[in-house]
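The values are calculated or read from the model by the stated rules, or taken from the named source; none is laboratory data. Not measured: the values here are computed from a predicted model. A quick note on method: Cβ atoms are made from the backbone with ideal geometry, for glycine too, and the neighbour counts reach across all protein chains shown. These accessible areas exclude ligands, DNA and RNA; they are computed on the full protein's heavy atoms, side chains included. Shrake-Rupley method; radii C 1.70, N 1.55, O 1.52, S 1.80 Å.
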Amino acid sequence: MADFDLDLFVIGGGSGGVRAARLAAQMGKRVAIAEEYRFGGTCVIRGCVPKKLFVYASQFPEHFADAVGYGWTLGETRFDWPTLVANKDREIARLEGLYRKGLDTAGARIIDGRAELLDRHTVRVGDSTLTAKHILVATGGRPNPHQALPGHEHCIFSNEAFDLPALPRSIAIEGGGYIAVEFANIFHGLGVETALVYRGKEILGRFDGDMRRGVHEAMEAKGIRILCHEIFESVQKRTDGRLDAQLKSGGKETFDQVMLAIGRIPNTEGLGLEKAGVETGVKGEILVDDHSRTSIENIWAIGDVTDRVQLTPVAIHEAMCFIETVFRDNPTKVDHEDIATAVFSQPEIGTVGLSEEAAQERYGDLEIYRASFRPMRHTLSGRREKMIMKLVVDAATRRVVGAHVMGPDAGEMAQLLAIPIKAKLTKDVFDRTMAVHPTAAEELVTMYKPTYLVRGGERVDPS
Ligand code: NDP
């Protein structure tokens, strides 16, 4: 058997790569991990973590306004963007340090540099080459640059949004997915005049229809302009530095910034994949089997670079399955069923399992339990925002196959709802579960009667 320098070489120091490298090193394997930018990857450096901090920052104006109904009188409030950016940077640096420390303590060799495959066992970083028995590619993705859009070079993407030198007075965001919706709310909350431009009929495709409509209405009620069935045809820079955006419908509008959030593409260029014989798909994504093995037996890929489900916990799960399969002699397929997720829109969405639309396609007849109410917190604040809770039940088995929440702490609820859904529990178990009072979540176990049934594709009255 060939003698290699390492048992495992990991390319990419994001959520998936770091977890795999750390676990393998903890097992005493000889591991190296290369990262060309900063350890932590998209999630920590320019994704989930800074985004959530910005979400918190953007929620304060509503908290201030809500406080009045509770008897508070507030003095003058002011927001300072550079302070937020600097504090965010400090926190990100701290987390990056923890990632490095975790790798170091586990005994992994940390390489700061860009790695490239020379063949199926050899990796080059700078002037040095190393051989490894197994190679794991976890290089993530990046925003789709939307090169088809004339003037795309004048636009920003989520990467830049985290570090703008100044907060714009106005912004238009193209896209209707997680990033576009989350950033529209962030910018609006921070006082920026915000427009969302989406090509389809309703934002947040793939989510449950009630959640999509609910968030759309709530965002508009706050003052975010949402233009559906619309796309930018071009973006031009004016002499004053502002941007003229030409819309498909004919209008032209001027914004301080235009942000594009139309999906993310895998980072596979210049990795030497072709030299090693690793096959990629139409978007450049690395093709893998259920165990995250590529077309080459000893090369594996996890996370966004495989374009399966672009979520941090999924990449981490894939990393753990990889470790089981490769180093613990326990072949473990990745499980992408019933992934709970949250959109940190305002109001937020927490969801797990199937939307009503998807459940109808898979199961046919359904029972739908739905409640829409004003959360207690807003009784004194006077805020009119509603909360929506919805359970989607397969009529034949009474199994709850989807749970959807829109409102405060929806993401936290989705995490807990993920357990009964993963355990394939029935609505009867929900009904037997004691409520926690007074909470918003108690609604999830007290919706005893279906709001409507779905029979043969039609909504029918349950009575
Ligand atoms: P999404 O896939 O969520 O959304 C992309 C959006 O862009 C869709 O609305 C899509 O429209 C639209 N779009 C695609 N192509 C074009 C085009 N050529 N012109 C105009 N619009 C277009 O991608 P995001 O960039 O928002 O986020 C990437 C991924 O990152 C997400 O899928 C998610 O997995 C992850 N993420 C997760 C977060 C979380 O967990 N909270 C937060 C942020 C990101 P259509 O619907 O018609 O296809």
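Counting pairwise Cα distances across segment 319-463, what percent come out greater than 19 angstrom?
Considering segment 319-463, 56 percent of its Cα-Cα pairs are separated by more than 19 Å.
Rg (Å, one decimal) plus Dmax (Å, integer) for the alpha carbons of segment 148-288?
17.0, 54
Note the per residue figure in Å³ for the convex hull of the C-alpha positions in segment 140-190.
So the per-residue Cα hull volume is 102 Å³.
If you place +1 on the Cβ of every Lys and Arg, -1 on the Cβ of every Asp and Glu, and leave all else neutral, what size is the dipole of segment 218-279 about its Cα centre, to the nearest 20 Debye?
200 debye
Among 67-77, 235-245, how do they line up from the highest to the lowest mean number of other beta-carbon atoms within 10 Å?
235-245, 67-77
What number results when the radius of gyration of the chain, computed over Cα atoms, is divided by 2.2 N^0.38 Å?
Rounded to two decimals, the normalised Rg is 1.06.
For segment 333-339, in order, what is each residue's ³J(HN,Hα) by Karplus, 6.51 cos²θ - 1.76 cosθ + 1.60 with θ = phi - 60°, in whole Hz (x at glycine and Pro)?
7, 6, 10, 9, 7, 6, 7
Given a cut-off of under 8 Å on Cα pairs at least six residues apart, what relative contact order in percent is computed for segment 222-351?
12 percent
Dimensions of segment 55-119 along principal axes (Cα, Å, largest first)?
66, 23, 20
Using 24 Å as the Cα-Cα cut-off, could you pick out the over-long pairs in Lys333/Lys424; Lys386/Lys449; Lys52/Lys449?
The answer is Lys52/Lys449.
Determine which lysines satisfy two conditions relative to Lys275: a Cα distance under 18 Å, and not lying fewer than 8 residues away in the same chain.
Lys133
Using +1 at the C-beta of Lys and Arg and -1 at the C-beta of Asp and Glu, which of Thr83, Phe54, Gly113 has the Cα lying farthest in the positive direction of the dipole of segment 53-114?
Among Thr83, Phe54, Gly113, the one farthest towards the positive end of the dipole of segment 53-114 is Gly113.
For the Cα atoms of the chain, what angle does the longest principal axis make with the long axis of helix 209-222, in degrees from 0 to 90, nearest 10?
70 degrees
Over segment 114-233, calculate the relative contact order: mean separation of alpha carbon pairs under 8 Å at least 6 apart, over the residue count, as a percent.
Relative contact order here is 18 percent.
Whole number in Å², please: accessible area per residue of segment 158-272, 1.4 Å probe, ligands, DNA and RNA not counted.
Heavy-atom accessible area per residue stands at 41 Å².
Can you tell me which of 183-190, 373-380 comes out highest on packing, and rank the rest after it, using the mean Cβ neighbours within 10 Å?
Result, highest mean first: 183-190, 373-380.
Using only the alpha-carbon atoms of segment 6-104 as identical scatterers, what base-10 log of I(q)/I(0) does the Debye formula give at q = 0.10 Å⁻¹?
Evaluating at q = 0.10 Å⁻¹ gives log10 I(q)/I(0) of -0.43.
Please compute the Kirkwood hydrodynamic radius over segment 393-463, one decimal place, Å, based on all pairs of different Cα atoms.
Kirkwood radius, segment 393-463: 13.2 Å.
Given H placed on each backbone N at 1.01 Å, which residues far from Ile339 in sequence or on other chains put an amide H within less than 5 Å of it?
Excluding prolines and chain starts, which carry no amide H, the hits are Gly353.
For the ranges 425-434, 399-408, what's the packing order if you count other beta-carbon atoms within 10 Å of each residue, average per peptide, and put the highest first?
399-408, 425-434
When the solvent-accessible surface of protein heavy atoms is calculated with a 1.4 angstrom probe, in what order do Lys390, Lys201, Lys283 fall, highest first?
Heavy-atom accessible area, descending, gives Lys201, Lys283, Lys390.
Counting each pair of different Cα atoms once, what's the Kirkwood radius of segment 285-334 in Å, rounded to one decimal?
10.6 Å
How long are the three semi-axes of the equivalent ellipsoid of segment 71-207, in whole Å, if each is the root of 5 times an eigenvalue of the C-alpha gyration tensor, listed from largest down?
Each semi-axis is √(5λ); the values are 38, 24, 15 Å.
Net charge within 12 Å of Ala166 by Cβ-Cβ distance, Lys/Arg positive one each and Asp/Glu negative one each, not counting Ala166 itself?
-2
Per the Kirkwood formula on distinct C-alpha pairs, the Rh of segment 189-233 is how many angstrom?
11.2 Å
How big is segment 331-416 on each of its three principal axes, counting only the C-alpha atoms and giving the largest first in Å?
51, 33, 17
Determine the share of segment 21-127's accessible area contributed by carbon and sulfur atoms, expressed in whole percent, with a 1.4 angstrom probe.
52 percent
Give me the lysines in straight-line cross-link reach of Lys248: C-alpha distance below 25 Å, same-chain residues under 8 apart excluded.
Lys201, Lys237
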